[in-house]
Structures are given as structure tokens and as C-alpha cells.
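To keep things clear, I will list the structure first and then write my remarks on it.
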Amino acid sequence: MVLDCRPGLIARKRFQLRFFCALTDVDRIRRICDDIRQENKRSGKGNNKVSRKKYKKSLAASICAWLGTIMLTALVVFCIPLTLPRLFGYHIYSVVSGSMEPSIPVGSMVYIKNEAPEDMKKDDVIAFYGARDSNAIITHRVVENRIVMGEFITKGDANQTEDMNSVPYDNFIGKVTCSIPKVGGAAQIFTSVTGKIAAVVIIVVALILETIASTIEKRRYRQWKQKNVSEAEKTS
């Protein structure tokens, strides 16, 4: 019988022998498995107790957050028609007289776009200054565009006759492209000093409500977390 006494082979045989002995020790393996199973049950039981208690947001915090969000959203929605068109070159005015009724009733908000006076056609509604040195703005319909003379003949839809004075190109502001009924009055109030103060107050109140909601929520979450940690330590 010939024996192979190489060191590597002897070490491999010893490892195989030890591994075989470990596999044959069934009682020891069973005890280890039982210990692992019991430890998993204990840790899982504690974690389940903590996880079952889900965090619930504070009702007061939710109400404050919703009120603040609603106030800011309403303010933004109301400001969009008054500010966004100006970025695209539109003028916005409120109608205070009934000369263009029923097409443009009193209290409407009109959007006026800068255009060349020569491009205006019959039946276009234009905005112009009542006189060169006057701040009064009039919106009437074009009856005739006298390009050679550089003036308009206009008329209000509610008027029986044409305007007494022609409108020179120098008084021309632009073409009325859109009108929104019943919004001009609210826009006029909002753009006044009182309206601007009211807008600032709304923003401040909304921010205060959001801060209150955040403070309540942080405090409640901190208490909930501390309570769950202490319960988890007791169960373990």
C-alpha cells in the first residue's frame, strides 16, 4: 500500500473529516437551529409591536396646513390673470361705462395688445385716450380706419351715432383681444392700495399657518418616536 504524504492532501483530508463529524452531530445542529428560531421570534415580535402602531398626523396640523395652502393657491390663481399677460405685452383695464354693452358690459376686464394702428380693420374694438392730455381710456369699435389721415372713426355698440371726434393715431393704445365679464371690479379693488395690503396680509397669515402646522407635526412625531422606542426596549 502506497501513501501519498503531500501536505496539501493531508490538510484537505483533515478538513473533510471534521466537516463529516460536524454533520453527524445531529443533536448539536438541532439545538443551534432552535436557538436561532427562538431569537428570530423574539426580535420579530418586538418589531411587529412597533410597526403596528403607525404614525397618524395631527388633525390640527392638517387643518392649518390646508388652510394655508388654500389661501396661497387662491391668491396665486387670482393674480395670474392680472400679472401673466403683462409679461407678453398686454395692457389690462377695467370697464367702467356701458358704451360697449352688451358685448363688453360694465365691470369687465379687457386685455389690450399693442398693434400698429394701420393694421386695424372695421369692427375691431380698440382702446385709445379720450384726449391727448387726458388719462381717460375709451374702448370703442372701429367704423373706419383713415390710414391716409392717420385717424379712426369709432362708435360704441350702445350708442346710436358715431363718436363726435375722430381718434388720431397718437391716441391709439392697442386692440382689445379679450374681455372677461364681472372681473374688472375685483381686479380694480385688488390693484388698489387696500387690495395690495390685503394680499400681503393673506400671505403672512398663510405662512403663519404653515409654520404652526410644521411645529405641531414635528413635536407630535418626536413624542410618537420616543414612545415607540421605549416600548420596543421594554419588549426586548
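The values are calculated or read from the model by the stated rules, or taken from the named source; none is laboratory data. Remember, it's a predicted structure, so these values are computed and weren't measured experimentally. Quick reminder, even Gly has a Cβ in these numbers, built from the backbone with ideal geometry, and neighbours come from all protein chains shown.
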request  = At least 1 residues that are under 16 Å from CYS178 (Cβ atoms) and either of a type in the set (Val, Ile, Thr) or under 32 Å from the mean Cα position of the chain (by Cα) (or both) in each: list the strands (runs of 3 or more DSSP E) lying fully within the range 50-156 that qualify.
outcome  = 90-94, 109-113, 125-129, 137-146
remark   = In the range 202-217, residues that are surrounded by 16 or more Cβ atoms within 10 Å (Cβ to Cβ) and of a type outside the set (A, V, I, L, M, F, W, C) total 2
note = Taking first residues from the range 183-204 that are modelled with pLDDT under 85 and part of a helix (DSSP H, G or I) and second residues anywhere that are surrounded by 11 or more Cβ atoms within 10 Å (Cβ to Cβ) and of a type outside the set (A, V, I, L, M, F, W, C), the pairs with Cβ under 7 Å that are 6 or more apart or on different chains are GLY185/SER94; GLY185/GLY107; ALA187/SER94; GLN188/SER94; ILE189/GLY195
remark   = Residue set PRO81, PRO117, PRO105; condition surrounded by 14 or more Cβ atoms within 10 Å (Cβ to Cβ), over 30 Å from ASN228 (Cβ atoms), at pLDDT below 90 and not assigned by TED's automatic domain parsing to the domain that holds SER230; output residue PRO81
